[in-house]
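Student: Attaching a single structure in structure tokens format; questions to follow.
Computed from the coordinates by the stated procedures, all read-outs in this text should not be read as laboratory data. These numbers come from a predicted model, not from an experiment. Note: ideal-geometry Cβ built from the backbone for every residue, glycine included; neighbour counts use all protein chains shown.
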Amino acid sequence: MRALVTGASGRIGKALCDELLKRGDEVVGLTRSPDKARAAQPRVTWHAWEPTLERPTEAAFEGVDGVVNLLGERIDQRWSSAAKRKIMDSRRIGTHNLVGTIGGLTRKPTVLVSQSAVGYYGDRGDEVLDESSAPGEGFDSAVCVEWEKAAREVEAAGVRLAIVRTGQVMEIGGGLLGQLLLPFKLGLGGPLAGGRQWLPWVHLADELGILTWALDTTAVSDVVNGVAPNPVTNKEWSKALGRAVGRPAVLPIPGFAVEVKFGREFGKVAQGGQRVLPKRTEEFGYGFKFPEIDGALRDLVG
């Protein structure tokens, strides 16, 4: 397969490109800084693209069989007006521009796998959620709704669409685990804001597995949740990480500390959660490599 990846120089994008190359695929990457990206991953064919300003060049899609769309401004930051505009526009306008090029191609790719996030569901307490659940409220939910709406424009071009609503990706290079691993190793970790909120998580290997599976499997369409089948509360996650690093995990992190770091709006969102299940993901036949949090964290940090 020849696959094109947007957001290919990002944290998950780099790992996906490596995974595709490892299995023998050709990979095309779109990035704002192709020279920098080429130095880091010379086996990827790079093309320059400013997602919110232009459509990607048709030349990048020559011979491409499938597209994986991972672009998006970081959401874990202070939500100033300018930051919120960048977060929304990078997904809504960027995906719209991507689909615009795909729709105009004479030879179109057969599939677009477009990432979304479990933020779609908003903070829903203990409510059990799956792909059929309605969107929640708040900015994070609105971003995902618009992101998915832009991706759905590709269906008019006859291209199969799979939307992956991803949870917290467990990997030591970044994300929640990457940020908290050192404090936990030092015995300074513990649950956030009481720890009762649900944490929809997924091991990096399964995040990459779901993306490539959706790319390859013609039966997969519409929305699938990119989360492990056994969500845990923040308190349970903290205890599991403590076990994995052999340290106690009893020092609570007060909610106001997150608000001080990220601002009140995103700080409140970070203290919420979703009890999300991958119902359609499993119905379509994806088999999780790491369905349980203890095994996932031991694999990553043990």
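Student: Cross-link partners among lysines for Lys14, C-alpha distance below 19 Å, same-chain residues fewer than 8 apart left out?
Tutor: By straight Cα distance, Lys14 reaches Lys22, Lys36.
Student: Looking at the chain, do any whole DSSP H helices span at least 15 angstrom along their long axis by alpha carbon and average 0.5 or above on Kyte-Doolittle, and which?
Tutor: Membrane-span-like by this rule: 175-185, 204-216.
Student: Ok, one more. For Met170, which sequence-distant residues (separation of 5 or more, or a different chain) have an amide H within less than 5 Å of its own amide H, given hydrogens modelled in the peptide plane?
Tutor: Under 5 Å from the amide H of Met170 lie the amide H atoms of Val202, His203, Leu204, each far enough along the sequence or on another chain.
Student: Rounding to the nearest 20 debye, state how big the charge dipole of the chain is about its Cα centre with +1 on each Lys and Arg Cβ and -1 on each Asp and Glu Cβ.
Tutor: Dipole size: approximately 820 debye.
Student: Something else about it: Apply the Debye scattering formula to the stretch 177-302, with a single equal point scatterer on each alpha-carbon and no solvent, then give log10 I(q)/I(0) at q = 0.17, 0.21 Å⁻¹.
Tutor: -0.91, -1.17
Student: Using the Cα atoms as the points, what is the convex hull volume per residue of the chain in Å³?
Tutor: Measuring per residue, one finds 123 Å³ for the Cα hull of the chain.
Student: Moving to a separate point now. Output the relative contact order of the stretch 180-302, whole-number percent, from Cα pairs under 8 angstrom with separation of 6+ residues.
Tutor: 40 percent
Student: Using a basic spin-label model with each label point 7 Å from the Cα along Cα→Cβ, how many nm lie between Ile172 and Thr45?
Tutor: 3.5 nm
Student: Moving to a separate point now. Pairs of alpha-carbon atoms within less than 8 angstrom and 6+ residues apart define the contacts here; what relative contact order does the stretch 1-66 have, in percent?
Tutor: 36 percent
Student: Check cross-link reach from Lys84 to the lysines: straight Cα distance under 24 Å, and skip same-chain residues fewer than eight apart.
Tutor: Cross-link targets: Lys149, Lys261, Lys268.
Student: Identify which of Leu16, Leu53, Leu241 has the largest mean-square fluctuation in a Gaussian network model of the chain, with springs joining Cα atoms closer than 10 Å.
Tutor: Leu53
Student: Turning to a different aspect of this structure: Would you work out which of Thr31, Asn225, Gly178 lies farthest towards the positive end of the dipole of the chain, given +1 charges on the beta-carbon of Lys and Arg and -1 on that of Asp and Glu, about the Cα centre?
Tutor: Gly178
Student: Moving on to the next point. Once fully extended, how much extra length lies between Leu251 and Glu292, figured as 0.36 nm per residue of separation less the alpha-carbon to alpha-carbon distance?
Tutor: Length gained, Leu251 through Glu292: 12.4 nm.
Student: Out of all DSSP beta bridges with both ends in the chain, state the antiparallel percent to the nearest 5.
Tutor: Rounded to the nearest five, the antiparallel share is 10 percent.
Student: Take every Cα pair under 8 Å in the chain that's 6+ residues apart, average their separations, divide by the length, and report that relative contact order as a whole percent.
Tutor: This gives 18 percent for the chain.
Student: Oh, and also: Could you list which residues have their amide H under 5 Å from that of Ala193, counting only those 5 or more apart in sequence or on another chain, with H placed in the peptide plane?
Tutor: Ile253, Gly255
Student: By a straight-distance test (C-alpha under 17 Å), which aspartates and glutamates pair with Lys86 as possible cross-link partners, with residues fewer than eight away in the same chain excluded?
Tutor: By straight Cα distance, Lys86 reaches Glu50, Glu54, Glu73, Asp76, Asp140, Glu146, Glu148, Glu265.
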